[in-house]
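Have a look at the structure below, then the notes.
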Amino acid sequence: MPLTLYLIALFVGAPLVLFSALGGDADTDVDLDVDADVDPDADADLEVDAGGLASWLPFARVRFWIFALFLVGLLGTTLTLAGELGAPLVAAVAFGVGAPLAMIGERAVRAIKNASTSAATSPSDFVGAQGVVLLPVGPAQVGQIRVRVRGREIDLEARLDSDIEAPIATHESVLVYELTGDGVALVQPLPRG
């Protein structure tokens, strides 16, 4: 029975790793909005951006699960067919080695992807770019926006110029007019019309 599970993991994970290696993007960000009413006088909003969560929780990324399926399936199948170890030890080695290797692989691919993105763009590429607010941006509140530059969607921290007093809500469109030395986009709201 365990060999069947390892083979399924291998045959599901291998094509996904191949697809990812040939240019498919197995990366995803998850945005979750939750509204909670405690009583008629109190209203609370909670926003969770799994992109930030994924920086320290690699298993929150789809790429990790693709690598884990492939590696656990490959190790489990190989060790089971070798016949030298019992099923509990094969499972311990397959998961104990496969999961950390999947974490390392996911972080390596993310680092390479981020390095190639930053090498391909310059601060001047962001000036004039239109973006969408992911996390609200206010005069005293650094938020987050997503812009499309050189064919790639890039998330940036954003803040408003001190002359603008009204905050910009989630899903509103903004215009980047400067990118600071530390990579924060200075934005202004796009006029509706």
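Okay, here's what the table says:
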| read-out | value |
| --- | --- |
| Computed FRET value (nearest 0.05) for Ile112 with Arg148, which takes r as the C-beta separation and R₀ as 22 Å | 0.60 |
| About the Cα centre, charge dipole magnitude for segment 124-193 (Lys/Arg +1, Asp/Glu -1 at Cβ), debye | 300 debye |
| Protection proxy ranking of 163-170, 184-191, 62-69 - average other beta-carbon atoms within 10 Å, highest first | 62-69, 184-191, 163-170 |
| Residue-by-residue Karplus 3J(HN,Hα) for segment 156-166, coefficients 6.51, -1.76, 1.60, Hz, glycine and proline x | 10, 5, 9, 8, 8, 5, 5, 6, 9, 9, 7 |
| Pairwise label distance in nanometres, Ala82 with Leu5, each label 7 Å out on the Cα-Cβ vector | 2.0 nm |
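Only the coordinates and a few stated rules stand behind these numbers; no lab work does. None of the values given here were measured: they were computed from a predicted structure. For neighbour counting, all protein chains shown are included, and Cβ atoms are generated from backbone atoms with ideal geometry for every residue, glycine included.
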